[in-house]
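Note sheet for the following structure.
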């Protein structure tokens with residue numbers, strides 16, 4: 001089985017992928033308007049301020065929407081979920097839901113989730129999500 | 001520029017449609033362009049503007065032998081042609097050119113002379129979506145739908161009805177690829193692609209193309225075909241990443257484009273006799289009906305399931321059979337425009353009676369872009 005496609009890091013996203021390798025889910029926060037956002041960019045997409053900082057997210061999220069893909073894709077064994085999760089801090093991100101049956105019955109919208117990092121290479125760990133084990 | 005100042009005077013699809021292994025992508029552009037020129041009674045030297053997507057305009061202009069003074073290569077996916085129509089109306093009104101040719105050609109099925117499909121790994125999609133097992137539109141365009149179904153209590157049976165109704169339209173169209181009647185249970189027992197989407201809820205993959213020719217309405221009466229007037233237009237973009245779509249139950253790009261089109265045309269929803277909504281997947285007509293304001297939020301699926309858009313219904317929708325049953329080369333928007341032109345001319349295979357005002361609404365990417373065109377059989 002060939003591997004799944006991996007990100008090529010850019011200067012603007014390096015903090016995110018370095019964080020993932022060290023087990024941190026990193027978002028960005030605007031100092032001017034307090035907007036927390038994703039994906040990474042060195043300015044606020046809400047107010048255009050360049051005064052932004054990197055913040056560590058809790059890793060807690062809920063299942064916002066998903067599909068269960070039934071066809072073969074390099075690096076995946078079907079059926080597998082492709083999901084969008086709602087992070088506690090506000091932004092949404094794409095991911096896979098793991099450590100749970102890949103069925104509509106097991107994957108209920110709004111179920112609480114927590115991040116786990118799957119090491120893929122020296123530079124890349126992917127943020128995946130599993131059903132929450134600790135109360136929010 | 002006023003509503004109706006610009007008209008479509010030539011429109012044609014490729015000679016063949018569906019599976020065309022004997023033609024490369026650039027020739028599909030040329031084949032429909034030559035057909036549209038014949039339809040309009042024009043020579044190459046009469047055309048001084050070119051717009052296309054999929055191929056850069058340079059390729060198409062050179063291949064055809066055109067000498068354009070105005071060029072538009074806007075490529076935002078399957079609705080690019082709606083944006084070309086909008087841009088062409090502005091360009092002709094501004095005097096930048098007189099007669100614009102818009103072409104689409106795509107070897108989506110046979111993949112002859114087509115460009116490779118891949119997501120560059122350093123883009124935001126490459127970094128934050130591609131690693132999670134997405135493989136083309138069936139795994140991305142579909143992701144918002146469970147949220148929509150839960151929010152409004154819509155059922156998979158209602159979603160399936162979109163495909164059932166469009167197949168009824170396709171059955172009336174000899175050029176439609178799929179004409180066999182289907183039932184809700186046929187849809188719900190077809191092969192699972194990406195839950196909750198089954199095969200019959202997903203568009204076809206075909207080869208083909210289409211071309212339009214636009215010019216000033218003042219000249220339009222001199223052409224052999226009944227002119228189809230552009231009353232209003234709208235366009236917008238949102239995000240290239242489905243995961244970053246603002247609202248999973250409604251498309252911002254649809255709302256922005258639709259509102260501009262209605263405002264600039266001055267029409268009301270009750271004026272609309274015929275509607276096309278780009279249907280790459282079964283949920284798109286539902287989102288389109290709601291985001292264009294034909295029904296309230298959460299009401300689109302029931303509106304279709306209750307047969308309002310079916311043959312004999314009060315708002316005929318996707319009367320060629322749509323991307324689900326007619327054809328879908330990859331960038332289907334051109335075929336939606338072609339059907340709108342046929343309906344306004346009165347020459348469609350499944351002709352709706354007395355179409356005076358028609359709306360044609362397109363999507364690009366995965367809810368990434370949108371274009372809306374209002375056409376009419378008279379200038380105002």
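The values are calculated or read from the model by the stated rules, or taken from the named source; none is laboratory data. Bear in mind the structure is a predicted one, so any value in this text is a computation, not a measurement. Using ideal geometry, Cβ is built from the backbone for each residue, glycine included, and neighbour counts are taken over all protein chains shown.
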Which number in (1) at the interface with another protein chain (Cβ under 10 Å from one of its Cβ atoms); (2) part of a loop (DSSP other than H, G, I, E, B) marks the one condition that residue A:90 misses?
(1)
Determine, yes or no, whether residue B:210 is at pLDDT below 95 and either surrounded by fewer than 22 Cβ atoms within 10 Å (Cβ to Cβ) or under 19 Å from residue B:280 (Cα atoms) (or both).
no
Hey, does segment A:24-33 have a residue that's in contact with a helix residue (DSSP H, G or I) (Cβ under 9 Å, 6 or more places away or on another chain), more than 26 Å from residue B:194 (Cβ to Cβ), within 10 Å of chain B (Cβ to nearest Cβ) and assigned to a loop (DSSP other than H, G, I, E, B)?
no
Go through (1) surrounded by fewer than 20 Cβ atoms within 10 Å (Cβ to Cβ); (2) within 9 Å of chain B (Cβ to nearest Cβ); (3) free of Cβ contacts under 8 Å to residues at least 24 places away in the same chain for residue A:104 and report which single condition fails.
(3)
Looking only at residues in segment A:53-74 that are under 18 Å from the mean Cα position of the chain (by Cα) and not in a strand (DSSP E or B), which one is farthest from the other protein chains (Cβ to nearest Cβ)?
A:58
Among helices (runs of 4 or more DSSP H) entirely within segment B:129-245, at least 2 residues that are touching a residue at least 40 places away in the same chain (Cβ under 8 Å) occur in B:145-152, B:156-170, B:217-220
Of the residues in segment A:34-45, those that are within 12 Å of another protein chain (Cβ to nearest Cβ) and either under 12 Å from residue A:126 (Cα atoms) or surrounded by fewer than 19 Cβ atoms within 10 Å (Cβ to Cβ) (or both) come to A:41, A:45
Using the structure shown, decide if residue B:293 is over 21 Å from residue B:14 (Cα atoms), in contact with a helix residue (DSSP H, G or I) (Cβ under 8 Å, 6 or more places away or on another chain) and surrounded by fewer than 24 Cβ atoms within 10 Å (Cβ to Cβ).
yes
Does segment B:158-166 contain at least one residue that is within 14 Å of another protein chain (Cβ to nearest Cβ) and out of contact with any strand residue (DSSP E or B) (no Cβ under 6 Å at 6 or more places or on another chain)?
yes
I'd like to know if segment B:270-284 contains one or more residues that are surrounded by fewer than 22 Cβ atoms within 10 Å (Cβ to Cβ), part of a helix (DSSP H, G or I) and in contact with a strand residue (DSSP E or B) (Cβ under 8 Å, 6 or more places away or on another chain).
yes
Among the residues of segment B:113-137, which ones are touching a strand residue (DSSP E or B) at 6+ places or on another chain (Cβ under 8 Å) and more than 8 Å from chain A (Cβ to nearest Cβ)?
B:113, B:114, B:137
Selection over segment B:195-234 where residues are within 14 Å of chain A (Cβ to nearest Cβ) and over 22 Å from residue B:104 (Cβ atoms) yields a count of 6
Can you say whether residue A:82 is within 12 Å of chain B (Cβ to nearest Cβ), closer than 24 Å to residue B:151 by Cα and either modelled with pLDDT of 95 or more or more than 14 Å from the chain's Cα centre (by Cα) (or both), as far as the supplied structure shows?
yes
